[in-house]
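*Asks:* Let me give you the structure first, and then I'll get to my questions.
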Amino acid sequence: MHPFRKAVENGDLDAVAALLADDVAFTSPVAFKPYPGKAITTAILRAVTQVFENFTYVREIANPDGRDHAFVFTASVAGKKLQGCDFLHFDEDGKIDDFTVMVRPLSAARALSEAMGAQFEKIAREAAEQ
């Protein structure tokens, strides 16, 4: 099992943060522009753990050189079931420098957008404190 997946499944957000490059770009399924930097990415991921219910990785796909991974997951948000995928790229130091999340269906993406929007002041505060 990949260390990222293991950290997420164990709820070890410090271990997840340790895998992020300082200049990581986080692309949300509901925002147009990526969020740049480790602090905001860590804060977003921490908030997601509060929003997602019954989060489970169901598949892990990697390219042969180990620099690109896709982690397929299921979860619920506000009673809406969703499927999603975390697409990760790892830099030459083995840190995540690109983190893109996609979810479906649209009704679940909307529920996720609303739930994360309600968390955004807290996310911004936490990112500023790091």
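The values are calculated or read from the model by the stated rules, or taken from the named source; none is laboratory data. In this text, all values refer to a predicted model and were calculated from it rather than measured experimentally. A quick note on method: Cβ atoms are made from the backbone with ideal geometry, for glycine too, and the neighbour counts reach across all protein chains shown. Note: accessible area is taken over every heavy atom of the protein model, side chains too, but ligands, DNA and RNA are not part of it. Shrake-Rupley method; radii C 1.70, N 1.55, O 1.52, S 1.80 Å.
*Asks:* Leaving ligands and nucleic acids out of the surface, order H89, H2 by accessible area at 1.4 Å, largest first.
*Replies:* Correct descending sequence by accessible area is H89, H2.
*Asks:* Let me ask something else about it. Normalised radius of gyration for the chain, please: alpha carbon Rg relative to 2.2 N^0.38 Å, two decimal places.
*Replies:* Ratio of Cα Rg to 2.2 N^0.38 Å: 0.99.
*Asks:* Take region 11-80, compute every pairwise Cα distance, and split them into 5 Å bins from 0; I just need the percent in each bin.
*Replies:* For region 11-80, the binned pair fractions read 3, 14, 18, 26, 25, 11, 2, 0 percent.
*Asks:* GNM, the chain, Cα, under 10 Å: largest mean-square fluctuation among Q83, Q119, Q50?
*Replies:* Looking only at Q83, Q119, Q50, the biggest GNM fluctuation is shown by Q50.
*Asks:* Quick check on the chain: helices-only [θ] at 222 nm, where DSSP H runs of length 4 and up contribute -39,500 (n - 2.57) each and the sum goes over total residues. Nearest 500, please.
*Replies:* One gets -12500 deg cm²/dmol as the mean residue ellipticity at 222 nm.
*Asks:* For the pair S113 and N63, how long in nm is the line joining their label points, each one 7 Å along Cα→Cβ?
*Replies:* Each label point lies 7 Å from its Cα, and together they span 3.0 nm.
*Asks:* Once R0 is set to 30 Å, what does the formula 1/(1 + (r/R0)^6) return for the Cβ-Cβ distance between D22 and N54, expressed as a FRET efficiency to the nearest 0.05?
*Replies:* 0.40
*Asks:* Using alpha-carbon pairs under 8 Å, 6+ residues apart, how would you state the relative contact order of region 1-85 in percent?
*Replies:* Averaging sequence separation for qualifying contacts and normalising by length gives 18 percent for region 1-85.
*Asks:* Extending each Cα 7 Å along its Cβ direction at V30 and K6, get the distance between those two points in nm, one decimal.
*Replies:* For V30 paired with K6, the spin-label model returns 3.2 nm.
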